[in-house]
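Chemist: Let me begin by handing over the structure; questions about it come next.
The values are calculated or read from the model by the stated rules, or taken from the named source; none is laboratory data. Just so you know, these numbers come straight off a predicted model, no measurement behind them. Here Cβ is always computed from backbone atoms with ideal geometry, including for glycine, and neighbour counts include all displayed protein chains. Ligands, DNA and RNA are excluded from the accessible area calculation, which covers all protein heavy atoms including side chains. Shrake-Rupley method; radii C 1.70, N 1.55, O 1.52, S 1.80 Å.
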Amino acid sequence: MALGFFSRLKAGLSRSTQKLGGGIAAVFTRRKLDDAALEELEDLLIAADLGPNVAARVIESFRSSRFGTEVTDEEIRTALAAEIARVLEPVAVPFVPDPQHRPHVALVVGVNGNGKTTTIGKMARFYGEQGLKVMMVAGDTFRAAAVEQLQVWGDRVGAPVIAGPPNADAAGLAFDALKRARAEGADLLLIDTAGRLHNKGALMEELAKIIRVMRKFDETAPHSVLLVLDATTGQNAIEQVRVFKELVNVTGLIVTKLDGSARGGIVVALADTFGLPVHAVGVGEQAEDLRPFSAEAFANGLVGPSIRLSSPDGDEKKDGEGDPA
Amino acid sequence: MFAQWRDIFWGERPLFEALSGKLSGVFDGLAKRGALSEADVAEAMREVRLAMLDADVALPVVKDFVTKVRERAVGHEVLDSISPGQAVAKIVNDALIDALGGAGAVPLNLNAVPPVPILMVGLQGSGKTTTSGKIALRLATRERKKVLLASLDTQRPAAQLQLQQLAERAGVPSLPIVPGQTPVEIARRAMDTGRREGFDVVILDTAGRLSIDEALMNEVREIRAETSPAETLLVVDAMTGQDAVNTARAFNEAVGVTGVVMTRMDGDARGGAALSMRAVTGAPIKLTGSGEKLDALEEFHPERVAGRILGLGDIAGLVEKAADTLDHEESEKIALKMMQGKFDLDDYAAQIRQIAKMGSLSGILDMLPGMGKVKQALGDKDLDTSVLKRHQAIISSMTRAERKTPAIIKASRKKRIAAGSGSTVQDVNRLLKQFDDMSTMMKRINKLGMKGLMRQGMSALMPKGPKPPGGRPFG
């Protein structure tokens, strides 16, 4: 398990990393940090989905402190990792259900296809293993077979799934589930919701309704609103978070699909913009593939100190043209 | 309608500058006459580059594009009839449309011996299964094909059940689920069933897979070898970031992508992944998904996506969205009144309600030309729907006669209305002034027509008076 944590996260992140790390090596091995080099570095950050603002800030800090001096790629990576970790450190907050609430109600939201249901299955396992009594609610009453999908997870991880009839009202279902979870003494109630694009007013209103209706039973619910975010998402993630936060008061993020070739650099931009806690990352389709979010591991993984350097000559241009990791 | 938003969100402040937007702002600074110099173009290209990166076009694709366009633009003669900004904008826009595949939609290739296999591939959660259902419905209804849906997704829980349920909704048969079969076995069974039962098309929906997952990529290679699909469609989420190039390259190398489907085009992502996909695979973007309903599948329109990528907005998309969301009868009534110049405050209130229904205001702004900059200038806090609510309150405190003929609202009526709606006389004045401006603009829209509006952008709607000194800044 301990091995699993780092090796899996690293395996996932190192792919995100190879391109960025390799690129930095190619650009900076024994070179002057001049304008051209800074521009290339900015490009590399942008290509990692860090977002123009964060990329520009990193470049600015290099420009003022190291401009014109000879730097090695190792120095660059250390500085860059430190900068990224600095942005991420405040948001690396684990998700801890509050034992005062019985149950602690977590509403899981996000756009379509980003891994909400899978994440809930993984969370049920994780917190179940910690000895909590976890219940899940199949609140995606819209998508075909979403209920069945969660039920399979329930069987897998041994946690009860509360479901209604197809096309049932999600708010009513959440209300009943909360009542039942309270009666049965659950510690954690994970509510799945249908995926929805943040720019669909009516669907976002539905989400607000789920919250309103639950509050008729427990006015402190939901205690967490978790936004699930796909690591392959580009700059639109910022708008997603902004709108979900505004309309349903998101309390934390979970970033999924970090085991792919996507860099997940948008997380840095999100931390910078919103400062919302990043609770966990998803690194695979199995029940155990959920990890607490660690700023340092993420930053190091993104910058890649252990990545073998590519040849300092000749590779630059090619890299600028974006070889896949 | 566009005019209204201006007035609602920015009150009486002049919007001309801001509306010229991200690109047009730079282009306005270009030399006014003669050939475009290298420096002029370089400045504009920096903005184009940023706009494209903001839209998630992959960096190498952006670089390539900018280089080509720069070559094309430098030395370009600027005719007297258009501004240098318009000239460069046209070059950029044309090049982008070109890069996205040029005019005209590319249909699905069904030229093969039936049953024609269509293979759906992509990352997890990109929308393959929903898209499979949509394509099945489209082929069954529009082209009267006999379509079989088969799910080869043995990875995700209940994925096969999902496709079966979608098939039922679409009224299309699906391959019976046999637990324990491998994806390759299911593919074989699907093709056998297709042949035996005389299907025209068999859609093979595969499990989502990461491009770096060797085992699963091999599996999809095997499926392809087994079925020789006429189309191998890569399904891509429009929100995808820079990773689009990696995904496109990996899938293309593994299975030879013949077409791309962009999903979630109904979101407010600017969809730069479309350009990356096209550039890397060389395969045309054949279809776009724009909603959760099974008929929400459309042909790809390069010119719309080009505008979206450049941050010039997607007016056509906005109009469609409006048409989807708004109450048709009410809209038509209002439109007619506008044409006749009889638009009154009741209609305004009705429209406020409809705008509220369209969802996130910033999402709407993103679809409007030049609004990116406005949004930036405003920051988040000013995109506030409370103005809408205040306007509604003020209008509800008016008598019917006042709403029909706002001109009769003088000092004492204003006081009463302000008191009744919990606002101030200034608020009432502001609303009346905006309503007045709006009516003026509607007359202009009528004169211009939709085509003119799209050609000239929103600046055509702005009051023609002298520009305010220095062009007061926004936000």
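Chemist: To one decimal place, what Kirkwood hydrodynamic radius in Å is obtained for segment A:43-151 from all pairs of distinct Cα atoms?
Modeler: Taking every pair of different Cα atoms in segment A:43-151, averaging 1/r and inverting gives 18.1 Å.
Chemist: Let me ask you something else. Kirkwood Rh, Cα Rg: Rg to Rh for segment B:96-196?
Modeler: Rounded to two decimals, Rg/Rh equals 1.00.
Chemist: Find out how many positive minus negative residues lie around A:ALA92, taking Lys and Arg as positive, Asp and Glu as negative, among other residues whose Cβ is under 12 Å from that of A:ALA92.
Modeler: Taking every Cβ under 12 Å from that of A:ALA92, the sum is 0.
Chemist: Along the Cα→Cβ direction, 7 angstrom out, place labels at A:THR72 and A:ARG57. What is the inter-label distance in nm?
Modeler: If labels sit at A:THR72 and A:ARG57, their model points lie 2.9 nm apart.
Chemist: Same structure, new question: Assuming a viscosity of 0.692 mPa s and a temperature of 37 °C, what translational diffusion coefficient in µm² per second does Stokes-Einstein assign to segment B:145-190, Rh being the Kirkwood radius over Cα pairs?
Modeler: 305
Chemist: Spelling out what I want: for every residue of segment B:201-208, take phi, set θ = phi - 60°, compute 6.51 cos²θ - 1.76 cosθ + 1.60 (Karplus), and round to whole Hz; glycine and proline get x.
Modeler: 9, 10, 9, 9, 8, 9, 5, x
Chemist: At R0 = 35 Å, how high is the FRET efficiency between B:GLU197 and B:GLU303 if r is their beta carbon distance? Nearest 0.05 is fine.
Modeler: Once the sixth-power term is evaluated, E becomes 0.25.
Chemist: Compactness ratio of segment A:244-307: Cα Rg over 2.2 N^0.38 Å, N = residue count?
Modeler: The reported ratio for this selection is 1.18.
Chemist: Also: Just to verify a number: what accessible area does A:HIS223 come out at with the full protein assembly present, 1.4 Å probe, Å² rounded to tens?
Modeler: 40
Chemist: Please provide three numbers in whole Å: the alpha-carbon extents of segment A:135-225 along the principal axes, with the largest listed first.
Modeler: 36, 31, 21
Chemist: Same structure again: Determine how many Å³ per residue the convex hull of the Cα atoms of segment B:207-290 encloses.
Modeler: That works out to 84 Å³ per residue.
Chemist: Sticking with this structure for a sec: With a 1.4 Å probe on protein heavy atoms only, work out how much accessible surface B and A bury together, total over both chains, in Å² to the nearest 100.
Modeler: Buried area between the two chains comes out at roughly 4100 Å².
Chemist: While we're looking at this one, here's another question. What is the extension gain from B:GLN155 to B:LYS433, computed as 0.36 nm multiplied by their sequence separation minus the C-alpha to C-alpha distance, in nm to one decimal?
Modeler: 94.0 nm
Chemist: Heavy-atom accessible surface, probe 1.4 Å, ligands and DNA/RNA ignored: which residues of segment B:39-62 lose at least 50 Å² versus the isolated chain?
Modeler: Residues shielded by partner chains are B:LEU59, B:PRO60.
Chemist: Jot down the per residue volume, in cubic angstrom and as a whole number, of the convex hull over the alpha-carbon atoms of segment B:145-242.
Modeler: 124
Chemist: On to the next question. Where does the charge balance sit around B:LEU233 when Lys and Arg score +1, Asp and Glu -1, over other residues with C-beta under 9 Å from its C-beta?
Modeler: +1
Chemist: Can you check what the net charge comes to around B:ALA419, using other residues whose Cβ is under 12 Å from the Cβ of B:ALA419 (Lys, Arg +1; Asp, Glu -1)?
Modeler: Value of the local net charge: +3.
Chemist: Please compute P(r) over all alpha-carbon pairs of segment B:116-300, binned at 5 Å starting from zero, and give each bin as a whole-number percent.
Modeler: 1, 9, 19, 23, 22, 16, 8, 2, 0
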